[in-house]
Amino acid sequence: MNGKKDVLILAIESSCDETAAAVVKNGREVLSNIISSQIALHTLYGGVVPEIASRKHIEKINQVIESALSEAGSGLNEINAVGVTYGPGLVGALLVGVAEAKAIAYAAKKPLIGVHHIEGHIAANFIEHEDLEPPFFSLVVSGGHTHLVRVRDYGKFDIIGRTRDDAAGEAFDKVARAIGLGYPGGPKIDRVSKDGNPDAIFFPRAHMEDAPYDFSFSGVKSAVLNYINGCQMKGEAYCQADVAASFQKAVIDVLVANAMRAVEEYKTDKFAIAGGVASNSALREAMRTACEERGVKLYYPSPVFCTDNAAMIGAAAYYEYRNGTRHGWDLNAVPNLKLGER
């Protein structure tokens, strides 16, 4: 990839409720990708509890890193740099990964590279698609983010659209809880929707006149809650699958419409989706159809690289390393880090 010597990145990700470590070669080849998930624990509370997440990261991070190095057959002496998510995310969770990465990089005398979490999600597409090179457009849809991004080059981004309120994944979680599916909402709504009629109930699609690429999902979430409350007040039953499918279609219609508006205005022929919601089967199908109609090549990662993982951080860190990015021992967690900030 870089013409000469292979570059190995040890990557660490702890921004929310997955403790993850990976070894990535030349930004594209995953030698190991270890993920310790806390989903079962947080399901008891109906969502992520930040304090519990931080404690679990502390318990798991050393063994996850040891497993990643062991599976890759690498020692710290063979690693070229240590990459770590330093924002955005839960501040306590981020601090665990950042402190660990700084300690390892300092002790092993390796460069330290802080990685933006969203840049990691976009870079997940590089792992399985050798032909994907910037420039291209990307839609990042996860529990915490909904961004429409122009990727000008490796590590160089323009955000042209973002959510004004709830992220798409956050809306999925809240609606899933309201209709009795529980946490995590995204995969459960995807599954239940297959048995529902997406045209059974019309839920609103928000469009911003002043910012046509921005998103808003609080309105559709409220509309679902109002519909359920209305049924309960009248003593009427509602079909869980129809509500899930109709809500999912409302969200996907907006995501695809904004994405295709960008495709047409910016005349791009490559589009990548990323983030946890990118594993949603209905979104993939709708994006595939829309891109095919416009002669655009669509990219998306395998589900394991859509949700939070360290392999995507390793891919992003490799390109930051190649661009000369290095962080000092004063690197700190930045919970509200903006894409493109250093």
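Some points to look at:
- Criterion: over 24 Å from Phe126 (Cβ atoms) and touching an Asp or Glu at 6+ places or on another chain (Cβ under 8 Å) - qualifying residue of Gly75, Gly83, Gly47: Gly47
For every residue, the table says whether it meets (1) exposed (fewer than 15 other Cβ atoms within 10 Å of the Cβ); (2) over 18 Å from the mean Cα position of the chain (by Cα); (3) touching a residue at least 40 places away in the same chain (Cβ under 8 Å); (4) not assigned by TED's automatic domain parsing to the domain that holds Ala237.
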position: Asp166; (1), (2), (3), (4): no, no, yes, no
position: Gly186; (1), (2), (3), (4): no, no, yes, no
position: Asn197; (1), (2), (3), (4): yes, yes, yes, no
position: Glu209; (1), (2), (3), (4): yes, yes, no, no
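- Count of residues meeting criterion [part of a helix (DSSP H, G or I), charged (D, E, K, R) and crowded, with 18+ Cβ neighbours inside 10 Å] in the range 297-342: 1
- Test: Arg152 is part of a loop (DSSP other than H, G, I, E, B) and over 28 Å from Leu31 (Cβ atoms): no
- Of the residues examined, Phe126 is not one that is assigned to a strand (DSSP E or B) and either under 24 Å from Val24 (Cα atoms) or in contact (Cβ under 8 Å) with a residue 24 or more places away in the chain (or both).
- Among the candidates Ser74, Ser54, Ser37, residue that is assigned by TED's automatic domain parsing to the domain that holds Ala311, under 19 Å from Pro335 (Cβ atoms) and of a type in the set (S, T, N, Q): Ser54
- Matching residues in the range 155-169 - criterion: being over 23 Å from Pro184 (Cβ atoms), of a type outside the set (Val, Ile, Thr) and not in a loop (DSSP other than H, G, I, E, B): Lys156, Phe157, Asp158, Gly161
- Positions within the range 246-284 being farther than 23 Å from Phe126 by Cβ and among the small types (Gly, Ala, Ser), in sequence order: Ser246, Ala250, Ala257, Ala282
- Residue check for Ile113: touching a strand residue (DSSP E or B) at 6+ places or on another chain (Cβ under 8 Å), among the aliphatic types (A, V, I, L, M) and not in a helix (DSSP H, G or I): yes
- Filtering the range 277-296 to residues that are assigned to a helix (DSSP H, G or I), under 25 Å from Arg191 (Cα atoms) and out of contact with any Leu (no Cβ under 9 Å at 6 or more places or on another chain) leaves Ser279, Ser281, Ala282, Glu285, Thr289.
- Single residue of Tyr318, Tyr299 found to be of a type outside the set (A, V, I, L, M) and in the same structural domain as Val91 (by TED's automatic domain parsing): Tyr318
- Pairs are defined by a Cβ separation below 8 Å, a sequence spacing of at least 6 or placement on different chains, a first member in the range 265-278 that is closer than 7 Å to Val141 by Cα, and a second member that is among the acidic types (Asp, Glu) and assigned to a loop (DSSP other than H, G, I, E, B); the pairs so defined are Gly276/Asp308.
- Residue tally, condition assigned to a helix (DSSP H, G or I) and touching a Ser or Thr at 6+ places or on another chain (Cβ under 6 Å), over the range 235-276: 4
- Scan of the range 47-61 for residues that are of a type in the set (A, V, I, L, M, F, W, C) and under 18 Å from Gly144 (Cβ atoms), ordered by number: Val48, Val49, Ile52, Ala53
The values are calculated or read from the model by the stated rules, or taken from the named source; none is laboratory data. This is a predicted model, so every value here is computed, not measured. Because the Cβ atoms are built from the backbone with ideal geometry, glycine has one as well, and the counts that use them run over all protein chains shown.
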